[in-house]
C-alpha cells in the first residue's frame, strides 16, 4: 500500500516530505505505483537525480521484487559504477538479468521525481528477463498479469 494510504489525512506535500527524508537517509527512495485497470504496476527510484544520475524504473513486478531490483540497481549506479548505457546487459547479484532501456517520457511516469526535481529528469528502465532468460520482446516471455511494458525503445531497435 502507498504511504498516503497508510497515513489518512496526509497531504501530497507530506508524502514529498516523507520521500525527501528517505532520500536523505538512504540516498534514494523507491516509489511504487499500484496496478490500475489494464496498466501493470511499476516502481521507480527517487533521488538519483540529486547525484547527477537518471532515475531507475521497473515495470510488472510486485512491490518486494520491484524494491529489491531497484535498490540493487541504485547501489550499482551509485557505488559500483559506471552508469550503464541503453542496450547494456547487467548481471547483478540477487536480481534477474537486466537490459537497460532509456525511458522515452519520464515525466509521464515518475510523478514524485517530477514534483521534486522538475521536468529535466532522466530515467533508465531495468528490463528483466523471465526465469527462462526470455525478454518481454521475445515470444514465450512469462510475466505477471499485464506483462512488463517497456517504456522506451531498445538501443538495438534504434
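No lab work stands behind these numbers, since they all come straight from the coordinates. Predicted model only: the values in this text are computed from it and were never measured. Note: ideal-geometry Cβ built from the backbone for every residue, glycine included; neighbour counts use all protein chains shown.
Which whole-number value in Å³ per residue fits the convex hull of the alpha carbons of the chain?
118 Å³
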ask   = Between 65, 132, 102, which gets the highest mean-square fluctuation from a Gaussian network model of the chain, Cα cutoff 10 Å?
value = 132
key: Relative contact order, percent, region 1-124 [alpha-carbon distance under 8 Å, six or more residues apart]   = 19 percent
task = Would you mind computing, in nm to one decimal, how far apart the modelled labels at residue 132 and residue 153 are, each placed 7 Å from Cα along Cα→Cβ?
result = 2.9 nm
message = Helix-only estimate, please: 222 nm mean residue ellipticity of the chain, summing -39500 (n - 2.57) across DSSP H runs of length 4 or more and dividing by its residues, to the nearest 500.
response = -7000 deg cm²/dmol
remark   = Rounded to the nearest Å, the spacing of the alpha-carbon centers of region 2-44 and region 72-111 is 20 Å
